[in-house]
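Q: Structure in structure tokens, see below.
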């Protein structure tokens, strides 16, 4: 094979350097304003940016005619996403507030990580509904009752996605762990980049007590607040090019004792539904494979 021309080699090295610098800039950046990080995609007339103390914040609004939604300007592959959310005060029955990631490929093979906050009747607790899709396969619902009032103040909700697992955290406490068991035949998001979305919309046919409680539209407009949207790209171990190349025997993304303790506490005190325990929906022969591996 003939040696590569010097000009071509220099050009490729320059391109590689630019990509590396861009990656490092993304990894090392501090918390950016939500205005710079996201774009509104529907319901713009029902949203507004404002300063909440020292933080840029976004209000999403819902009335009987339409809700509102934003998405991240960037797409991510292996990342931690943190955002503070203050949910609808008072009677929010039938409403759904979300923060989730989703790929842009064909729906049949899409990946998605969902956090959906199901509205409540005044005085009842919110339900946090979570789900994970990988290569188009979903149906992995887990639900939790939050152990605080999410309408009284902001709380931080996080999605941690790395080659070994997906973690969902609330105020830094792990509530759900979904492990990468691709080698056992379980789909896992490994190759499709995803954007973050946040939305506020009506689902009164199912959101509150299975749809038995409808939305009281006299309470509209309903408003949810987001602030301090922050993205931290996955950092590989020393000597590894990027997180996707992390050796399978690496302990880089293993769970520590505190995280394991948090998961156990949440399972015992906060979880109200786990698809792996649903004997009506599944039996021993149809139970999803990951339920026996987690």
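The values are calculated or read from the model by the stated rules, or taken from the named source; none is laboratory data. The structure displayed is predicted, hence computed values, not measured ones. Here the Cβ positions follow ideal geometry from the backbone for every residue, glycine too, while neighbour counts run over all protein chains shown.
Q: Conditions first: (1) buried (at least 16 other Cβ atoms within 10 Å of the Cβ); (2) assigned to a loop (DSSP other than H, G, I, E, B); (3) touching a residue at least 60 places away in the same chain (Cβ under 8 Å). Residue 227 passes all but one, so which condition is the exception?
A: (2)
Q: Turning to a different aspect of this structure: What's the number of the only condition in (1) surrounded by fewer than 19 Cβ atoms within 10 Å (Cβ to Cβ); (2) farther than 25 Å from residue 206 by Cβ that residue 63 fails to meet?
A: Single failed check for residue 63: (2).
Q: Which ranges mark the strands (runs of 3 or more DSSP E) fully within the stretch 116-217 that have 2 or more residues being crowded, with 19+ Cβ neighbours inside 10 Å and within 13 Å of the chain's Cα centre (by Cα)? First the steps, then the outcome.
A: Working: elements: 127-133, 142-145, 155-161, 165-170, 173-179, 194-202.
Because the criterion is at least 2 residues that are crowded, with 19+ Cβ neighbours inside 10 Å and within 13 Å of the chain's Cα centre (by Cα), the strands (runs of 3 or more DSSP E) in the stretch 116-217 that meet it are 127-133, 155-161, 165-170, 173-179, 194-202.
Q: Looking at 130, 224, 156, 215 in this structure, which one is within 25 Å of residue 45 (Cβ to Cβ) and modelled with pLDDT of 95 or more?
A: 224
Q: Residue by residue through the stretch 30-80, note down the ones that are in a loop (DSSP other than H, G, I, E, B), under 18 Å from residue 233 (Cβ atoms) and touching a residue at least 40 places away in the same chain (Cβ under 8 Å).
A: Scanning the stretch 30-80 gives 31, 32, 74, 75, 77, 78.
Q: Another one. Of all residues in the stretch 236-267, count the ones that are exposed (fewer than 13 other Cβ atoms within 10 Å of the Cβ) and either assigned to a helix (DSSP H, G or I) or at pLDDT 90 or above (or both).
A: 11
Q: Same structure, new question: For residues that are exposed (fewer than 14 other Cβ atoms within 10 Å of the Cβ) and either touching a helix residue (DSSP H, G or I) at 6+ places or on another chain (Cβ under 9 Å) or modelled with pLDDT of 90 or more (or both), tally how many sit in the stretch 24-44.
A: Selection size over the stretch 24-44: 5.
Q: For the stretch 268-286, enumerate the residues that are free of Cβ contacts under 8 Å to residues at least 24 places away in the same chain and part of a helix (DSSP H, G or I).
A: Hits for the stretch 268-286 are 268, 276, 277.
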